[in-house]
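Data block below; observations after.
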Amino acid sequence: ARVFNPAGRVARQHVLAQVLRDGWQAKHQPAWRAWLPFLRQHDVLQALGVTTRILPVDILKQLDDFHARHLPATLDDALALSAADGNFKVLHLVLRETVTRSELWAHPSCAEAVRMFFEWIYGAREFDQAREGDRHFGDLFSKATGLAAEVDASGGGADWFSLALEALEDAPLGDVHGEADLVLHGWLELLWEPARSLVVTGANDEHLPG
């Protein structure tokens, strides 16, 4: 059983929206500090692990050690520093892969850029809708690519897609009841309950509503 939350969840709370937001911001901001949240995302580490054959835990360790020794201004600076410092051969491979992939996001079609982004991050992953962690991925894939296509149709670009991302992040995520077998809630939450019948299991109010 779970406590019913009438507000539900929005896409901003889903990892896919967070990865897309971090990746899009990093690509359109040259600062190295803008890339760090993206590179540390679990799904991004998994994707980098697949394409570079480097364990995500090793990538994280290299990022931590590199951050302690170097203060690059941009991603290109970080790439150059990791190439010059023999202690960061692993990180250099990761950053080189990141630069190569990010160049694909510069596609003139916003929809194609988003599609290639998703293909890189999630292309090797198998989804199972029976797993709670995989819920909503398909819906969010469709919404994100649909919003990107609308940006293309309107003649917009990266700035416009940032606005579209806000619309995506505010979108509700499916049924607010989720997969709960039993929904527990109080009198005030009955307003959001569409069920035709109600079973009262207990009450501690002196005066119950009629």
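With protein chains left intact and a 1.4 Å probe, residues in segment 1-160 average 53 Å² of accessible area per residue. For segment 1-138, which whole-number percentage of the solvent-accessible area (1.4 Å probe, protein heavy atoms only) is attributable to carbon and sulfur atoms? Accessible surface attributable to carbon and sulfur in segment 1-138 totals 53 percent. So what's the gap between the Cα centers of segment 105-124 and segment 32-71, to the nearest angstrom? Taking the Cα centre of segment 32-71 as reference, the centre of segment 105-124 is 20 Å away. Here Lys61 is the anchor, and the lysines within straight C-alpha reach of less than 22 Å, apart from those fewer than 8 places off in the same chain, are Lys89.
Val10 exposes around 40 Å² of accessible area when a 1.4 Å probe is run over every protein chain in place.
Residue ranking by accessible heavy-atom surface, 1.4 Å probe, largest first, among Arg33, Arg125, Arg69 comes out as Arg33, Arg69, Arg125.
Taking 0.36 nm per residue of sequence separation and removing the Cα-Cα distance, the Val10/Leu163 pair yields an extension gain of 53.5 nm. Comparing Trp24, Gln62, Leu75 along the charge dipole axis of segment 1-107, the residue lying farthest to the positive side is Trp24, per the Cβ-charge model. If R0 equals 30 Å, the separation of the Cβ atoms of Leu55 and Ala106 corresponds to a calculated FRET efficiency of about 0.55.
Pairs of Cα atoms nearer than 8 Å and 6+ residues apart set the relative contact order; for segment 1-149 it is 21 percent.
A 1.4 Å probe over all protein chains sorts Leu20, Leu81 by accessible area into Leu81, Leu20, starting with the largest.
The values are calculated or read from the model by the stated rules, or taken from the named source; none is laboratory data. Quantities reported herein were computed from a predicted structural model and do not represent experimental measurements. A quick note on method: Cβ atoms are made from the backbone with ideal geometry, for glycine too, and the neighbour counts reach across all protein chains shown. In case anyone asks, the SASA skips ligands and DNA or RNA and just uses the protein heavy atoms, side chains included. Shrake-Rupley method; radii C 1.70, N 1.55, O 1.52, S 1.80 Å.
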